[in-house]
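Note sheet for the following structure.
The values are calculated or read from the model by the stated rules, or taken from the named source; none is laboratory data. Since we're looking at a predicted model, the values are computed, not measured. Every residue, glycine as well, gets a Cβ built from its backbone with ideal geometry; the counts of neighbours run over all protein chains shown. Just the protein is used for accessible areas: all its heavy atoms, side chains included, with ligands, DNA and RNA removed. Shrake-Rupley method; radii C 1.70, N 1.55, O 1.52, S 1.80 Å.
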Amino acid sequence: MESNRQRVGIVGVPPLEVIDRLRREKALIFDLDEPIVQTSIEAASPFLPAVYCAILRTVVINAVSLDLDAIYIDVGPGKCDCALHTATILEDSLPATAVIRTRNQDRVDFGTPVSRTRMGLVDKLAAITASVTDPNPHEPYPPCPPTAGFWGVPPRDFSLLSLFPDTTHVYGWSRCMENKTPDNLALEEHCNHRVPTVFFAQSFCAKTALARHLAQRHPQALYVDCDVTVSSSVKAKIQAFLELSGVFDAAR
């Protein structure tokens, strides 16, 4: 019965052996990086300062609201130091929940067919984030020639992704997620200098440094960061960049 199943939260990309075991045990898995509990981001304020990224603040809101038996949180280089400190705060704040720190240093490449196929970017990132809880290989989606690039982490506000053509390829940590190797710096730094690319990170995330650095070295790049939701000015900036770069004409 579902009431007897263990309720487990995950943060980041736990090692494959953890996901495989949880699936075999038929645990109910909640991806705490996603906005599951619909409430103001300020609900995280008693636990985390506002200068933490919206993703980790979302993690805390979910963790304190979902009555979980355990939380597996990646605190290694595949996530961030802030996740390590968040684990400590959750452990002290939720004494009935086991907070288990993991370090995902998996090296088996699962491939990135979703990142390179023709599909709406919202659907692509939804499929990539959903694949974190599935230990099986990906479907063999056919690749398409890229007309634009999205480099970065999955945004908290997916409406940002609706601005891109279906022929956008995914790069950065999102591609590492699909490959199930979040600690793969070479893959994270990879991008295509032949296509206009938006380099994105959540505000206050350490990855903003790498996003801006790679954007400065790219011949057709736009660097953006945003906090909880995507403002109309950020959307306008991205849309103007894509239109002026001719990516929609190339996608036809």
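Annotations
- The one condition from (1) open to solvent by 30 Å² or more (accessible area, probe 1.4 Å); (2) under 15 Å from the mean Cα position of the chain (by Cα) that residue 223 does not meet is (2).
- Test result for residue 233, open to solvent by 20 Å² or more (accessible area, probe 1.4 Å) and either β-branched (Val, Ile, Thr) or within 14 Å of residue 121 (Cβ to Cβ) (or both): no
- Screening residue 155 against (1) open to solvent by less than 20 Å² (accessible area, probe 1.4 Å); (2) not in a loop (DSSP other than H, G, I, E, B) leaves a single unmet condition, (2).
- Total residues in the range 183-203 satisfying the condition of being open to solvent by 20 Å² or more (accessible area, probe 1.4 Å), within 22 Å of residue 145 (Cβ to Cβ) and aliphatic (A, V, I, L, M): the figure is 1.
- Conditions (1) surrounded by fewer than 21 Cβ atoms within 10 Å (Cβ to Cβ); (2) within 30 Å of residue 249 (Cα to Cα); (3) of a type in the set (A, V, I, L, M); number of the one not met by residue 94: (2)
- Among the candidates 95, 77, 14, 49, the residue that is outside any helix (DSSP H, G or I), out of contact with any Ser or Thr (no Cβ under 9 Å at 6 or more places or on another chain), of a type outside the set (D, E, K, R) and within 26 Å of residue 186 (Cα to Cα) is uniquely 77.
- Of all residues in the range 176-229, those being of a type in the set (D, E, K, R) and either closer than 19 Å to residue 114 by Cα or assigned to a loop (DSSP other than H, G, I, E, B) (or both) number 7.
- Odd one out for residue 60 among (1) out of contact with any strand residue (DSSP E or B) (no Cβ under 8 Å at 6 or more places or on another chain); (2) open to solvent by less than 80 Å² (accessible area, probe 1.4 Å); (3) in a helix (DSSP H, G or I); (4) modelled with pLDDT under 95: (4)
- Selection of the range 98-132 for residues being in contact with a helix residue (DSSP H, G or I) (Cβ under 6 Å, 6 or more places away or on another chain), closer than 28 Å to residue 6 by Cα, open to solvent by 30 Å² or more (accessible area, probe 1.4 Å) and outside any loop (DSSP other than H, G, I, E, B) yields only 101.
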